[in-house]
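Novice: Shown below is the structure under consideration.
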Amino acid sequence: MRYSVAMAGEVEAAMRDHLIREDGQEDVLAATYVLSTGVERRTALIRSVILPNEGDRHVHGNASFTSGYVLRASNEARAAGHGLVLLHSHPASRGWQFLSDMDWDTESEYERVARAITKMPLLGMTLGGRDTSWSARFWFDRKVPTWAESVRSVSPKLSVTWNDELRRIPVNTRSQQRTVSSWGERSQASIARLRVLVVGGGSVGLDIAQRLAATGLTTVGVMDYDAVEAVNLDRMIGATRLDAALGRSKVDVAARLMRSSATAESFEIRRHETSITDPVGVSAALDYDVIFSCVDRPWPRAVLNALAYTDLIPVIDGGIALDTFADGRMRNGIWRAHTLVPGRPCMACIGQLVVGEIQLDKQGLLDDPVYIAGTGRELPSRQNVAALSASVSAALLAQFVSLTAHPGGRGVPAPLRHVLSTHTLEHSPATTGLYCAYEKATASGDTRTTVAEHRDDWRTVVHERAIRKRPFPLRVLSALEDILQRAISRIL
Ligand SMILES: [Zn+2]
């Protein structure tokens, strides 16, 4: 298991405001957390800040907690079903902070109190005042803490403090010079370490995956259970006729293309032949730092819309709709891009997810012409052209750059809408709805309610593809292609 911490930007600001004092002294603070559990990573999501009352702490150069404060905070955490966080600041320090002997003694002493009362491990956190860097460790016993790998602050700007010992700074390679000169070594060192998941390996997802690999990211995952078909070849740039003839899975095609465009010294490809609408897919997604939503169905998009808030994983979403006149000529095209993070409205609030359609999608009714005709709806438009799908991936990647490199000191913008006929770019005025259940569930982690459910349909698709016998000539071609790929990556 790996460990990390995430917090919404608002919560981080409240903690920072308290811990960084005008008089330059250290300070202490208590907070609560819930867990978000993936397959390989467990993340503590900071829930609420418990400010000290008069006499709850001593500030005298080295600040300290009173046991009264720790007890009060532990009881508040238990009442809410949360765990306890004890924080302190190192005003003159920068970067990931390790523990002084005194910090160690304090946290290991309160570990037992926290665990006895909350039944959860104590989380210790330090703020380095010089560059507002956070660090964190879990106390599973009182002897040795287990260090987190990163602490993420999630708002329209994603800011990550990395524990360099657990996730090393990747070496910049010669082929990354232009990238590094665009946003500097510091940004590159952070961006390259993000684990990014692309959900949907179609035209947009495939393009994004390759560009992330070329940017120098060290871990990229792709999630899709479908295979390449001949009908996809006009849009999936890089997929070949052989891929379609073999019925190769989209994640295998993405993996091959990412491998040939990756610039990182060591590049980890993660293939998920699964569905985000299944709990298996959700658990896999919880291991990532940023997710691209490249799916157009209401059900998978509803799952991702929820995860962005409940588990504080920014989801970059968008899509395209092309519109024709009755005689088939083109009327217009609209593509959108938006990032789902605390501080920006969710898909439902900006009208990009119709909650009533989630159930219809689950029941397969959106594909059923009889049902569609009976309701007087129109079949969802299926048009897309290669010339425009690049605009969608470009719009989503630009959101990624704003989220992670903060050009001009800014993060992601309000939801964007590009209108093709007039070539205008509109910023949506939509804000969070008063009763938005998605955004209300921010940082609920493992207590989330999800619309994901165990299903056999995608499992059948994956299984049948695995056992299907391909004609002999195709198998030979596939083997030759594989040998060539391996030879290239070994020799060059
Ligand atoms: Zn909302």
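Novice: Of (1) part of a helix (DSSP H, G or I); (2) under 23 Å from the mean Cα position of the chain (by Cα); (3) aliphatic (A, V, I, L, M), LEU197 satisfies all except one. Which?
Specialist: Going through the list (1) part of a helix (DSSP H, G or I); (2) under 23 Å from the mean Cα position of the chain (by Cα); (3) aliphatic (A, V, I, L, M), LEU197 breaks only (1).
Novice: Next question, about the same structure. Tell me, please, whether a residue that is more than 19 Å from LEU123 (Cβ to Cβ) and touching a helix residue (DSSP H, G or I) at 6+ places or on another chain (Cβ under 9 Å) can be found in segment 148-156.
Specialist: Yes, segment 148-156 contains a residue that is more than 19 Å from LEU123 (Cβ to Cβ) and touching a helix residue (DSSP H, G or I) at 6+ places or on another chain (Cβ under 9 Å).
Novice: Considering only segment 95-106, I want to know if a residue exists there that is part of a strand (DSSP E or B) and in contact with a strand residue (DSSP E or B) (Cβ under 8 Å, 6 or more places away or on another chain).
Specialist: Going through segment 95-106, the residues part of a strand (DSSP E or B) turn out to be none.
Checked segment 95-106: no residue is part of a strand (DSSP E or B) and in contact with a strand residue (DSSP E or B) (Cβ under 8 Å, 6 or more places away or on another chain).
Novice: Of a type outside the set (Ser, Thr, Tyr), more than 18 Å from SER135 (Cβ to Cβ), out of contact with any Phe, Trp or Tyr (no Cβ under 9 Å at 6 or more places or on another chain) and not in a strand (DSSP E or B): does that describe ALA116?
Specialist: Values: of a type outside the set (Ser, Thr, Tyr): yes; more than 18 Å from SER135 (Cβ to Cβ): yes; out of contact with any Phe, Trp or Tyr (no Cβ under 9 Å at 6 or more places or on another chain): yes; not in a strand (DSSP E or B): yes.
Yes, satisfied.
Novice: Checking the conditions here, which among GLY81, GLY124 is surrounded by fewer than 19 Cβ atoms within 10 Å (Cβ to Cβ), under 26 Å from LEU286 (Cβ atoms) and at pLDDT 95 or above?
Specialist: Just a single option satisfies the conditions, and that option is GLY81.
Novice: Which condition breaks for LEU87 when tested against (1) within 25 Å of VAL341 (Cβ to Cβ); (2) at pLDDT below 95?
Specialist: Every listed condition holds for LEU87 apart from (2).
Novice: Something else: Looking at segment 433-449 only, could you name the residues that are within 16 Å of the ligand (Cβ to nearest atom) and either polar (S, T, N, Q) or touching a residue at least 24 places away in the same chain (Cβ under 8 Å) (or both)?
Specialist: Correct list: GLY433, CYS436, TYR438, GLU439, ALA441, THR442, ALA443, SER444, ARG448, THR449.
Novice: Can you list the strands (runs of 3 or more DSSP E) lying wholly within segment 318-432 that have 1 or more residues being among the hydrophobic types (A, V, I, L, M, F, W, C), crowded, with 17+ Cβ neighbours inside 10 Å and within 16 Å of the ligand (Cβ to nearest atom)? Walk me through it before giving the result.
Specialist: Working: elements: 330-340, 416-419, 424-427.
By residue number, 330-340.
Novice: Collect the residues in segment 215-254 that are without any contact (Cβ under 8 Å) to a residue 60 or more places away in the chain and touching a His at 6+ places or on another chain (Cβ under 8 Å), keeping them in residue-number order.
Specialist: The answer is VAL222, ASP224, VAL251.
Novice: Continuing with this model, one more query. Would you mind finding the one in SER489, SER428 that is in contact with a His (Cβ under 9 Å, 6 or more places away or on another chain), more than 19 Å from ALA308 (Cα to Cα) and small (Gly, Ala, Ser)?
Specialist: After ruling out the rest, the residue left standing is SER428.
Novice: Does ALA302 satisfy the condition of being over 8 Å from the mean Cα position of the chain (by Cα) and surrounded by fewer than 24 Cβ atoms within 10 Å (Cβ to Cβ)? Break it down into steps so the answer makes sense when it comes.
Specialist: Values: over 8 Å from the mean Cα position of the chain (by Cα): yes; surrounded by fewer than 24 Cβ atoms within 10 Å (Cβ to Cβ): no.
For ALA302, the condition - over 8 Å from the mean Cα position of the chain (by Cα) and surrounded by fewer than 24 Cβ atoms within 10 Å (Cβ to Cβ) - is not met.
Novice: So, in segment 5-32, how many residues would count as being crowded, with 24+ Cβ neighbours inside 10 Å and under 19 Å from the mean Cα position of the chain (by Cα)?
Specialist: Residues in segment 5-32 being crowded, with 24+ Cβ neighbours inside 10 Å and under 19 Å from the mean Cα position of the chain (by Cα): 3 in total.
Novice: Restrict the check to segment 458-481 and report whether at least one residue is more than 16 Å from the ligand (Cβ to nearest atom), in a loop (DSSP other than H, G, I, E, B) and either free of Cβ contacts under 8 Å to residues at least 40 places away in the same chain or among the β-branched types (Val, Ile, Thr) (or both). Let's see the steps before the verdict.
Specialist: Within segment 458-481, the first condition is being more than 16 Å from the ligand (Cβ to nearest atom), and the residues that meet it are 458-481.
Now drop any that are not in a loop (DSSP other than H, G, I, E, B), which leaves 468-471.
Within this subset, residues satisfying the condition of being either free of Cβ contacts under 8 Å to residues at least 40 places away in the same chain or among the β-branched types (Val, Ile, Thr) (or both) are 469, 471.
Yes, that holds for at least one residue.
Novice: Which ones in segment 33-48 are out of contact with any Lys or Arg (no Cβ under 8 Å at 6 or more places or on another chain) and surrounded by fewer than 20 Cβ atoms within 10 Å (Cβ to Cβ)?
Specialist: THR37, GLY38, VAL39, SER48
Novice: How many residues does segment 1-30 contain that are touching a helix residue (DSSP H, G or I) at 6+ places or on another chain (Cβ under 7 Å) and among the aliphatic types (A, V, I, L, M)?
Specialist: 2
Novice: Exactly one condition in (1) among the hydroxyl-bearing types (Ser, Thr, Tyr); (2) farther than 27 Å from HIS463 by Cα; (3) buried (at least 21 other Cβ atoms within 10 Å of the Cβ) is false for SER266; which is it?
Specialist: (3)
The values are calculated or read from the model by the stated rules, or taken from the named source; none is laboratory data. Not measured: the values here are computed from a predicted model. No Cβ is skipped: glycine too gets one built from the backbone with ideal geometry, and neighbour counts run over all protein chains shown.
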